[in-house]
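Undergrad: Starting off with a structure, shown below.
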Amino acid sequence: MKILVVEDEEAIARGLRFNFEQEGYEVELAEDGVIALAKFEAASPPFDVVVLDLMLPGMSGYEVCREIRRRDGYVAVLVLSARTLSEDRSLAFDCGTDQYLSKPFALPELLSRVKNLMERRRAVTAGTTPPPPAKPPLPNSVSFGDGITVHFDRFEVTVRGVTQPLTTMELQLIRYFIENEDRVLSRNEIMEKVWGDSAPLGTRSIDNFVMRLRRLIERDPAAPQHFLSVRGTGYRFVAEPEPAEGASSSD
């Protein structure tokens, strides 16, 4: 399994490569975005995980993530950054990031998160992304609402004729919502069931992902009809809302 580490601080980059190689991974380093994209494009076989700093010379990590997502909707992207503001996290998730870990970081946690992403990558490439236990698998595509179709086999969502790619975590989150339609899901349950061992450090990361889904799917993200907030608890997914139903998105 292959990792691309995009980090301009040489000491950190070499330390990451050493520790990842000790775990048995093949690792390549890139000190800026241009080199990272060139290596990503040329990789054969492709990279399974990208560990990405945001503060890079010339081309920001956000731009790198967007370009990677244009090329590959399946590769896992883990941002490793000293930026800690919620706005930074939100923008990173909007660009297609799967995981966000702040510097300074605990090495065991980083290795655990990468291991989990690798396992998800294996499941995706094998075509065996597992449904939750004791639940029948969903079909390759599910339609709901006003012209919305989620293509689980293609990692895409079509919303009123416009098709857009989904990251692995976005797809897993939509899957869990659909499988638990009309049930109130706490943020902690979502973290446990969707992210598992690689759960984000805070529940606000869940909110960022839901905001991203709303922007992709809802006609009016500020007044969602499918991904509803339940104040103080979490979220509820409604596939076919009643015409008179109006739920607030504030939380």
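The values are calculated or read from the model by the stated rules, or taken from the named source; none is laboratory data. All of these numbers come straight from a predicted model, not from anything done at the bench. Note that we place each Cβ from the backbone using ideal geometry, even for glycine, and neighbour counts take in every protein chain shown.
Undergrad: Looking at the range 1-34 only, could you name the residues that are touching a strand residue (DSSP E or B) at 6+ places or on another chain (Cβ under 8 Å) and surrounded by fewer than 16 Cβ atoms within 10 Å (Cβ to Cβ)?
TA: Listed by number, the residues that qualify are 14, 21, 26.
Undergrad: Which pairs do you get when a residue that is closer than 14 Å to residue 56 by Cβ, found in the range 79-106, comes within reach of a residue that is hydroxyl-bearing (Ser, Thr, Tyr), reach meaning Cβ atoms under 6 angstrom, with the pair 6+ apart or on two chains?
TA: These pairs meet every condition: 79/97; 79/100; 92/100; 95/62.
Undergrad: Could you tell me whether any residue of the range 195-208 is farther than 27 Å from residue 114 by Cα, touching a Lys or Arg at 6+ places or on another chain (Cβ under 9 Å) and not assigned by TED's automatic domain parsing to the domain that holds residue 102?
TA: Let us first name the residues in the range 195-208 that are farther than 27 Å from residue 114 by Cα, namely none.
Within the range 195-208 (the criterion being farther than 27 Å from residue 114 by Cα, touching a Lys or Arg at 6+ places or on another chain (Cβ under 9 Å) and not assigned by TED's automatic domain parsing to the domain that holds residue 102), the answer is no, since none of the residues qualifies.
Undergrad: Conditions: (1) over 19 Å from residue 1 (Cα atoms); (2) surrounded by 17 or more Cβ atoms within 10 Å (Cβ to Cβ); (3) touching a helix residue (DSSP H, G or I) at 6+ places or on another chain (Cβ under 6 Å). Residue 59 meets all but one. Number of the miss?
TA: (2)
Undergrad: Would you point out the residue of the range 64-77, among those that are surrounded by fewer than 23 Cβ atoms within 10 Å (Cβ to Cβ) and touching a helix residue (DSSP H, G or I) at 6+ places or on another chain (Cβ under 6 Å), that is modelled with the highest pLDDT?
TA: 67
Undergrad: Another question, then. Within 14 Å of the chain's Cα centre (by Cα), among the aromatic types (Phe, Trp, Tyr) and assigned to a helix (DSSP H, G or I) - does that describe any residue in the range 72-86?
TA: no
Undergrad: Separate question: For a quick check of your reading of the model, give me the residue pairs whose first member lies in the range 109-123 and is under 15 Å from residue 22 (Cα atoms), whose second is buried (at least 18 other Cβ atoms within 10 Å of the Cβ) and among the hydroxyl-bearing types (Ser, Thr, Tyr), with beta-carbon atoms closer than 7 Å and at least 6 apart or on different chains.
TA: 112/198
Undergrad: Of all residues in the range 152-164, which are under 16 Å from the mean Cα position of the chain (by Cα) and either surrounded by fewer than 17 Cβ atoms within 10 Å (Cβ to Cβ) or without any contact (Cβ under 8 Å) to a residue 12 or more places away in the chain (or both)?
TA: Answer for the range 152-164, where residues must be under 16 Å from the mean Cα position of the chain (by Cα) and either surrounded by fewer than 17 Cβ atoms within 10 Å (Cβ to Cβ) or without any contact (Cβ under 8 Å) to a residue 12 or more places away in the chain (or both): 154, 156, 164.
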